[in-house]
Amino acid sequence: MKKSLFITTIITALLLSGCGKKTPDMSGIDAGKNNISDVTQIAGKTVTIDDDPYANGTPSGHANATDINNMNSGKFNTSNDGFQSIYFGFGAYDISADMQDHVNTNTLTAKNSQAKIKIEGNCDEFGTDEYNYALGLKRAKAVKDSIVAQGMNASQMYIISFGESNPVCSNPTDSCYAQNRRVDLRLAQ
């Protein structure tokens with residue numbers, strides 16, 4: 001009797017404890033309503049433009065060279081109004097050198113517009129909802145910061161994160177996941 005009670009207690013304790021997930025660092029992020037955030041609400045992270053994330057070959061979990069060429073050519077573009085989507089490596093929010101031409105094109109398009117620009121951060125399906133939401137905000141902020149650094153007025157843009165909730169591809173392939181790790185730009189309606 002005591003042995004079965006002991007085993008039941010151990011099993012119950014294990015079931016109740018569950019597997020712990022690492023909670024992403026969301027300090028400094030106050031998303032507000034409707035997932036809309038201002039650049040001042042993401043603090044403490046430095047955004048840099050990576051010299052060449054593919055210098056030593058394609059990192060594990062990243063798109064291959066064909067996928068990158070398709071992204072550079074705009075084949076996977078999901079932005080509209082003359083903007084080009086910006087793609088990111090797995091878990092990354094720094095803008096790679098091969099995406100800099102897209103940022104430059106987006107800056108020119110934004111400067112020629114009088115409307116507000118909506119910058120949408122997106123992620124693949126890996127990670128918790130909270131992690132992907134925060135990563136989407138960081139990606140959108142990186143693009144906004146890069147455009148502002150080229151002379152665009154920051155008050156004309158706002159960022160939003162869809163996390164993993166706005167995929168453009170749902171096939172379980174690296175190419176598909178790479179298409180979902182992006183920032184889209186649109187004119188705000």
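The values are calculated or read from the model by the stated rules, or taken from the named source; none is laboratory data. From a predicted model like this one, the values you see are computed outputs, not experimental measurements. Note: ideal-geometry Cβ built from the backbone for every residue, glycine included; neighbour counts use all protein chains shown.
Below, the figures for the structure above:
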| read-out | value |
| --- | --- |
| Residue match in segment 181-189 (condition: in a loop (DSSP other than H, G, I, E, B), buried (at least 16 other Cβ atoms within 10 Å of the Cβ) and either over 11 Å from the mean Cα position of the chain (by Cα) or not aromatic (Phe, Trp, Tyr) (or both)) | yes |
| Filtered residues of segment 150-189 (kept if touching a Pro at 6+ places or on another chain (Cβ under 6 Å) and on the phi > 0 side of the Ramachandran plot) | none |
| Filter pass, Ser155 being closer than 15 Å to Asp94 by Cα, part of a helix (DSSP H, G or I) and among the hydroxyl-bearing types (Ser, Thr, Tyr) | no |
| Of the criteria (1) out of contact with any Cys (no Cβ under 9 Å at 6 or more places or on another chain); (2) in a strand (DSSP E or B), which one Ala115 fails | (2) |
| Top-ranked residue in segment 65-107 [being under 14 Å from Gln179 (Cα atoms), part of a loop (DSSP other than H, G, I, E, B) and of a type in the set (A, V, I, L, M, F, W, C); ranked as modelled with the lowest pLDDT] | Phe76 |
| Some residue of segment 97-105 being touching a residue at least 60 places away in the same chain (Cβ under 8 Å), of a type in the set (Gly, Ala, Ser) and closer than 20 Å to Asn77 by Cβ | no |
| Of the criteria (1) surrounded by 21 or more Cβ atoms within 10 Å (Cβ to Cβ); (2) more than 19 Å from Leu187 (Cα to Cα); (3) without any contact (Cβ under 8 Å) to a residue 60 or more places away in the chain, which one Gly91 fails | (1) |
| Candidates Asn106, Asn112, Asn153, Asn171 - the one that is of a type in the set (S, T, N, Q) and touching a strand residue (DSSP E or B) at 6+ places or on another chain (Cβ under 9 Å) | Asn106 |
| Residues of segment 118-143 satisfying the condition of being surrounded by fewer than 17 Cβ atoms within 10 Å (Cβ to Cβ) and among the hydrophobic types (A, V, I, L, M, F, W, C) | Phe126 |
| Selection count, segment 120-151, where residues are in a helix (DSSP H, G or I), farther than 18 Å from His102 by Cα and of a type in the set (Ser, Thr, Tyr) | 2 |
| Test: Ala115 is among the small types (Gly, Ala, Ser) and either surrounded by fewer than 20 Cβ atoms within 10 Å (Cβ to Cβ) or touching a Leu at 6+ places or on another chain (Cβ under 7 Å) (or both) | yes |
| Among the candidates Ser146, Ser155, residue that is surrounded by 16 or more Cβ atoms within 10 Å (Cβ to Cβ), more than 18 Å from Pro167 (Cβ to Cβ) and of a type in the set (S, T, N, Q) | Ser146 |
